[in-house]
Amino acid sequence: MKYTRKEFFVKTIQSVAVIAVPSLLTSVLESCNNNINGPGNPGSTLANVQGTLSNGQVTVNIDSSSPIAKTGTAAMVNFSNGSLLVDHPSGTSFNALSSICTHQGCQINSYDSGSSQFVCNCHGSRFDVNGNVVQGPAGSPLQKYATQVLNNQLIIKVG
């Protein structure tokens, strides 16, 4: 059977497409899958600390056994209505932030202590200890909550 140049060209393109499309599709899917943990240093999973919610305040014990007792540490504070990101930059100073990423609502549960940044493992957004976006895709800062320390207890005003 003889083919015209046009028929030969069409058959060749069809053959290449049959071979190339599955490979291209696999490559695209792997690329998306590899991006789940986001780019760069994903940080370390935060320690979990239990807090108690009462009258619009979350109370957390910060005695010497607490993961956030030492300066330069951070933790996830869990309570009945959710969780918060807390870091301890100095002395009696604490920062408390929403743990929900402003990009697509994933829960942030990692902290990069080298850069003092909270890291969203879904798409790689990074936030400084004041909740400001350091790296997207998030475009809005995390909500920040007022804190105070009284008698080895951290009090976070959430309501």
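With respect to the numbered conditions (1) surrounded by 20 or more Cβ atoms within 10 Å (Cβ to Cβ); (2) under 27 Å from Leu150 (Cβ atoms); (3) of a type outside the set (S, T, N, Q), which one is the sole condition not fulfilled by Gly91?
(1)
Out of contact with any Lys or Arg (no Cβ under 6 Å at 6 or more places or on another chain), surrounded by 22 or more Cβ atoms within 10 Å (Cβ to Cβ) and not in a strand (DSSP E or B) - does that describe any residue in segment 115-128?
Yes, segment 115-128 has at least one match.
Which is assigned to a strand (DSSP E or B) and over 16 Å from the mean Cα position of the chain (by Cα), of Leu53, Leu97?
Result of the check over Leu53, Leu97: Leu53.
Read the figures in this text as sums done on the coordinates, not as results from a lab. Note that the structure is a prediction, hence the values are computed from the model and not measured. Using ideal geometry, Cβ is built from the backbone for each residue, glycine included, and neighbour counts are taken over all protein chains shown.
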